[in-house]
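Data first, discussion second: the structure below is written as C-alpha cells.
The values are calculated or read from the model by the stated rules, or taken from the named source; none is laboratory data. Keep in mind the model is a prediction, meaning the values are calculated, not measured. Counting neighbours? That spans all protein chains shown, and the Cβs are built from the backbone with ideal geometry, glycine included. These accessible areas exclude ligands, DNA and RNA; they are computed on the full protein's heavy atoms, side chains included. Shrake-Rupley method; radii C 1.70, N 1.55, O 1.52, S 1.80 Å.
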Amino acid sequence: MIDYHALAPELILAVTVLAVLVTDLVVRSKVWVAVVALVGLFAAFVPILTLAFCEPLVGCTEVTRTMFLGSYVVDSYALVLKGLFIGTAFVAVLLSVDYIESDRYYEGEYFFLLLSAALGAVVMSSARDFVSIVVALELVSGPGFLLAGWRKADERSNEAALKFFISGVLALALLMFGVSLVYGLTGTQQFDQLAAASVQFVDLPLFTIGVLFILVGFGFKVSAVPFHYWTPDTYQGSPTPVTAWLAVGSKTAGFVGLLSIAFIAFPAMRDVWGPILWVVAAVTMVVGNVVAIKQTNIVRLLGYSSIAHAGFILAPFAAMAGASDAAMSQAFYAAVAYLLIYAVMNLGAFGVVIAGLSKVESAELTDWSGLFRHSPGLAVLLAGFFFSLAGIPPLAGWFAKLAMFQATIGSGTPWGYSIAVIAVLNSVVAIYYYAKPVKSAFFDEVPEGVSAAATPSVASPALKLALGLSIAGVVLLGIFPGLVAQLSRYTSEIIAAIF
Amino acid sequence: MEWFDNGWGIALTVFLPLVGAVVLLAIPRAQEAALKWTALIFSGAAFVSGLALLFRFDFSRTGDLQLGANLNWIEAINARYHVGVDGISLPLVVLSVFITVLVVLYSWNHWPEPHNPKMLLALIMVIAVGMTGTFVALDLVLFFVFFEVVLLPMYFMIGIWGDRGVRHVPLFNWNIEMRLYASLKFFVFTLFGSAFMLLGFLALYFRSGDFLDHRTFDMLELAQLGSAGRFAGSFAFWVFFALFLGFAVKVPMWPLHTWLPDAHTAAPTIGSVILAAILLKLGTYAFIRISIPILPQEAKNWAWLIGVLAVIGIIYGSLACLAQTDMKRLIAYSSVGHMGFVMLGIATLTSIGINAAIIGMVAHGLITGLLFFLAGSMAHRYHTRDMGRLGGNMKLMPVMGVLLGFAAMASLGLPALAGFWGEFMALMASFNPLAGLDPTLFRGLMIAGAIGTVLTAGYMLWMLRSVNFGEPSDEWVGHDFHDVDAWEWLAWAPLVIATIAVGIYPRIVLGFTNDAVAQLVTRAFGG
C-alpha cells in the first residue's frame, strides 16, 4: 500500500510542474505561470507541516514513515530538508519573476525546469538507496544544465551550461561506477542494509575504492576543491536567479545526498572517508577563501564564497575518523543546521545582487560603490546578508559556525581539533572579502558615469517579498537559533536507529 | 517593583536602546529634530533604568549576582539567557548607559560628514545594546553575541564618518583613506581574537560535562567547576590562551594594540569616545569575569606574562605618545598605557589589584572620554589636530583650555582626581602580588610602572604646552573661535563632576567592588 500522505509533497509538486506547463500554453500574461508555481510550492509545504506535526495536527502517532521496502523514508530529517528545498524554490521563483520577464526568453519553461529541479531535491531528502539517490540527483542536475544556459544569446551563459554539463556528467559517471562496485560486492544498494554490510567490507580495498568514487561524484555536486573548477564560471555566466538556485538548492541537494551516504549508509566506514574529507574540507576552505579575496565581480565573489562555505559544511564530516556515535549525531546535526542557515542567508545575498544588478547594471564591485547613497535600503540588506555569511552575531550565520565548531571540537579527535583551527583562521580571512562589498557600498563615493543615482527603486513586489523573507529569517534565526538547534534531537534519533 | 528585580530592570537597561534604534529607522531621514529627541529619550530612559538598578541593588551583598534572570534561550545546546549584576559589573553598566546619553547630547550639533544623523544615531543605539549586554551576560554564548554586536556598528561608524585623510601603508604599499584602513583593521583584529575566544568557550562547554544534559555555558557553573579543578593541564592552557587572544585584542594589550591608535584617531569624535570609554573595558572585564574565575590555575601560571606585557604596554604607550604630532593620536596611545595599568592590576590577582583595575576602568572611561570630546571639538574649530600648528589655545578659547588642562591632569593621575586611584592601587598591589607569584618580578614591574607614570606626566604636560600655552600662531589671527557651547557643556560637565567625585570619594566605585572582588579572589584562589 502506498502512503499518500507521506508522498503528498512530491505528488503536489509533480502536479504543479505539469500545471505550470499547461498554464504557459493557455495564458498570455506569463506572470500567471509564476503565480501557479508559487501556489503549488505553497501547497506542497502544507503536507510537510501535517507530517512533521503529525500528532497535534492530524492525530497520527508516528513521524517516521518507511516506504518501498526501506528505499524511501520520510522522517524528521527528510521533512526539515524538504521544507528547506520548497522554501528555497519559493524564494528562487520570487527572485526570477522580473529577471526572466525582462529577458524575454521562455518564461513558462523556466519555471517548469526550476520546479522539476526542486522536485528532485525533495526526492533526494527521502532517498535511502542508490537508485533513488541517482534519480533524484539527475532530476536536480538536468534542469540545472538547461537553466544555466538560459540566455542562449550570451556566450558566457553558454559556457556556463557547457562547463556545468560536462562536469556534471563526469560526476555522475564516477558516482555510478562507485555504486556498481559497492553493489557488486555487497549485493544490496539499500542504505540500511549497506550500513550493516559495510562492517565486514571495511578492509576490502575494492569496496573502499567504490565508496571513494561515490564521494568524488558528490564532490563535484557540492563544488568541493579540487572538483570545484566549474563553479565560478557557471555561477557568473548563468542568469543570476539560476545561480541563486544552483548555489543554494542544487548544492544543498548534493550535501543531502552526501549526508545520507556518509552518515546513514556508511557510518562504519568513517575512518576511511573521514580523513579524505578532512583534506577536502581543509583545501576547500582555503582555496575558496583565498581566491575570493581577489574577486572584483560580486557574483563571482559569491561563487567562491559558496565554495568556502562548502568547506565549512564539510568540516563536521572531516572530524569523524575515530569519533564516537554521539559525535556522529552531533556532526550530522551541525551539517543540517549549517545547510538551513546557509540557504536563508545566501538566497538573501543573491536577492540583493539581483536587485542591485537592475539598479547599477553591472556586477563589478567598483560600480557598486556608494550604493548607500542612492539605495540605502538595499545597502543595509547587503550588509545584513554579507555579514551573516561572515558569521557575525546576531545575524544567523554565527550559529551555523557555532554548530560547526561544536561538532568539530566535540568530536574529541585530533582531526576535529585541527579542522576547527583551520576553520577559525578561514573565518577570519572570509571577513575580509565579505566586508569589501559592504565597504564599497557604504564608504565609497558613487563612481562617475553610474546613472543609478537618478533612477528610482525598481525592486518589484516579488523581489521585495523574497528579500523580506530572507532578512526576517536571518535576523530571527540569529536571535532565536533554538529553532534550528531543535534539529539535534532528530539527528540523534536517526543515528541511534542505525547503531 | 518585583518585576523590575526579576530581570526586567536589566532587560530595560539593555534593550531600550534597541527599541530606540527600531523607532529611529521608522522616522524619515529629513526630520532631524525628531530623530535626535528619539535617541535622547531612549538613551535617557536606559540611563534612568540603569540608575534604578543602583537603587534596587542590595549593597550588603555585592558579591552576589542580583536583579537577574535565567531563561531558556537555545535549549539544544544549553545556552541560556542568564543575566545579572554584581559589584563588578554594575559600575560598568552604569558607565555605559551614562556615556551613551552624553554621546547623544554631544552629537546634537556636532555632525561628522557625511551628515545622516538617522543612521549614526541608530548605530549608537545598537552599540549601547552590545556594551551593556556584555556587562550583564552570565552565559558564554550570550556574552559572545553581545560582545560581537558592538563590532559592526563601530565598523560602520569609523568607515563612514571617519577621517578622510590619506595614509600610506608601507607593508602593502597602499595609499588608503584613514577611515577605510582603520575600520578594516579594527574589524579584522577584533574578529581574529573573538574567533579564538569562541573556540575557547566551546572547549569549556565540552569539558564541563560528559553528557549533553550536563554541559553548560553558564559562567557561574563553569567557575565552580574551575575552582574545583575540572579544567587542568594542557587543556586549560590552550583554553586560557584562546581566551587571552580574544580579550587581549579588545583591551588592547601590547603587542596586539596596533589597531587602537588607527581606530581611535580615524573614528569620528563620538566613535572615539565610545571606543575609549567603554569598548576597551569589554576585554578587561572579560579577564575578571571569565578567565580568572574559570581558569584560576592558568591565570596564576601566566600572571607574570600578563604583568610583563602590561608594563611593556605602559612604557611603550607613553613613549609612543611623546612621538606623536597628532593630538588625537596622542590621546589614543595614552589609552594603551592606561589599559596597561588596568591589566597590571589584574595580573597581581589580588583583591587590591582587581579593585584597582575596576576603578581604573571607570576613571579611564570618564577621563579619556572627556579628552576625546575635547580633541574632537578643537579639531572641529581649528580644522586640524596637528600640535605643531595649534598653540595658544588658552588665549583663543579659555574655557576649552581649562577643561583640557583639567582632563590632562586627571589623565596623568593627579591625586584627588579619578585617574589617581587606578594607577596608585595597581602599583601598590604589584608590591605584594598573590601568594605564589614571584614578588621580585612584580616589584620590578611596579618600578617600571612607576616610571611609566612619570612618562605619562611628561607627555600630558608636553601636549598641554604645545596646545594650550604660548602664543597662537599667525594662521589663527583674525579668526573668531566660539568657546564651549551649551550642548558641549551638557555633555562634558557630568564627566568633570564624576571625575572629581570619584577622585575625592573613591568609595563611589570601590563601595561596589570591594566585597565582590574579595569574594571572587577567595573563590578562585582560596582564602
* Asked: Under the definition of Cα pairs under 8 Å and six or more residues apart, what whole-number percent is the relative contact order of chain A?
  -> 14 percent
* Amide proton proximity set for A:Phe480, modelled H, under 5 Å, gap of 5+ -> none
* Relative contact order (percent) for segment B:254-330, with alpha-carbon contacts under 8 angstrom and 6 or more residues of separation? -> 44 percent
* **Summed buried accessible surface, chains B and A, 1.4 Å probe, nearest 100 Å²** => 3100 Å²
* Asked: Going down the list A:Lys221/A:Lys401; A:Lys359/B:Lys118; B:Lys281/B:Lys395, which pairs span over 27 Å between their C-alpha atoms?
  -> B:Lys281/B:Lys395
* Per-residue ³J(HN,Hα) for segment B:43-56, Karplus 6.51 cos²θ - 1.76 cosθ + 1.60, θ = phi - 60°, Hz, x for Gly and Pro -> 5, x, 5, 5, 5, 4, 4, x, 5, 4, 4, 4, 6, 7
* Structure fact -> Longest principal axis of chain A (C-alpha) makes with the long axis of helix A:487-498 (C-alpha) an angle, in degrees to the nearest 10, of 30 degrees
* **Solvent-accessible ranking of B:Arg179, B:Arg167, largest area first, probe 1.4 Å** => B:Arg167, B:Arg179
* To do: Step through the residues of segment B:430-444 one at a time and calculate ³J(HN,Hα) from phi using the Karplus curve (6.51 cos²θ - 1.76 cosθ + 1.60, θ = phi - 60°), rounding each to whole Hz and writing x for Gly and Pro.
  => 6, 5, 9, x, 3, 4, x, 7, 6, x, 4, 4, 5, 5, x
* Asked: How far is helix A:155-186 tilted off the main Cα axis of chain A, in degrees rounded to 10, range 0 to 90?
  -> 10 degrees
* Structure fact -> Applied in sequence order to segment B:108-124, the curve 6.51 cos²θ - 1.76 cosθ + 1.60 (Karplus, θ = phi - 60°) yields integer Hz couplings, x standing for Gly and Pro, of 3, 10, 10, 9, x, 7, x, 2, 6, x, 4, 5, 5, 5, 4, 5, 4
* What percent antiparallel are the DSSP beta bridges of segment B:2-525, to the nearest 5? -> 95 percent
* Structure fact -> Under the helix-only model (-39500 (n - 2.57) for each DSSP H run of 4 or more, divided by the residues of chain A), the mean residue ellipticity at 222 nm, to 500 deg cm²/dmol, is -25500 deg cm²/dmol
* To do: Any chance you could give the angle, 0 to 90 degrees and rounded to 10, that helix A:76-103 forms with the longest Cα principal axis of chain A?
  => 30 degrees
* Ranked order, B:His257, B:His115 - accessible area, probe 1.4 Å, largest first -> B:His115, B:His257
* Between segment B:273-302 and segment A:169-221, how many Å separate their Cα centres? -> 52 Å
* Asked: Excluding ligands and nucleic acids, what accessible area in Å² is computed for A:Glu361 using a 1.4 Å probe, to the nearest 10?
  -> 150 Å²
* So what does A:Tyr235 come to for accessible area, using a 1.4 Å probe and Å² rounded to 10? -> 0 Å²
* Would you work out the relative contact order for chain B, in percent, from Cα pairs under 8 angstrom that are 6 or more residues apart? => 15 percent
* Asked: Could you give the distance between the Cα centres of segment B:145-214 and segment B:85-106, to the whole Å?
  -> 23 Å
* Asked: Order of A:312-324, A:193-205, B:499-511 by packing, highest average Cβ count within 10 Å first?
  -> A:312-324, B:499-511, A:193-205
* Structure fact -> Sorted list, accessible surface of protein heavy atoms, 1.4 Å probe, largest first, for B:Met428, B:Met460 is B:Met428, B:Met460
* Asked: Once you list every other residue whose beta carbon is under 13 Å from the beta carbon of B:Gln66, what net charge do they have if Lys and Arg are +1 and Asp and Glu are -1?
  -> -3
* Solvent-accessible area per residue for segment A:216-331 (1.4 angstrom probe, square angstrom) -> 18 Å²
* Among DSSP beta bridges lying fully in the protein assembly as shown, give the percent that are antiparallel, nearest 5. => 95 percent
* To do: Take the solvent-accessible surface of the protein heavy atoms, probe 1.4 Å, and return the percent of it on the protein assembly as shown that carbon and sulfur atoms account for.
  => 68 percent
* Distance violations [Cα-Cα > 19 Å] among A:Lys152/A:Lys251; A:Lys82/A:Lys251; A:Lys436/B:Lys36; A:Lys152/A:Lys294 -> A:Lys152/A:Lys251; A:Lys436/B:Lys36; A:Lys152/A:Lys294
* Residue separation times 0.36 nm, minus the C-alpha to C-alpha distance between B:Asp483 and B:Glu75: what's the value? -> 141.2 nm
* Given H placed on each backbone N at 1.01 Å, which residues far from A:Tyr72 in sequence or on other chains put an amide H within less than 5 Å of it? -> A:Met67, A:Arg128
* **Residue-span extension gain [A:Val135 to A:Val15] - 0.36 nm each, minus C-alpha spacing** => 41.4 nm
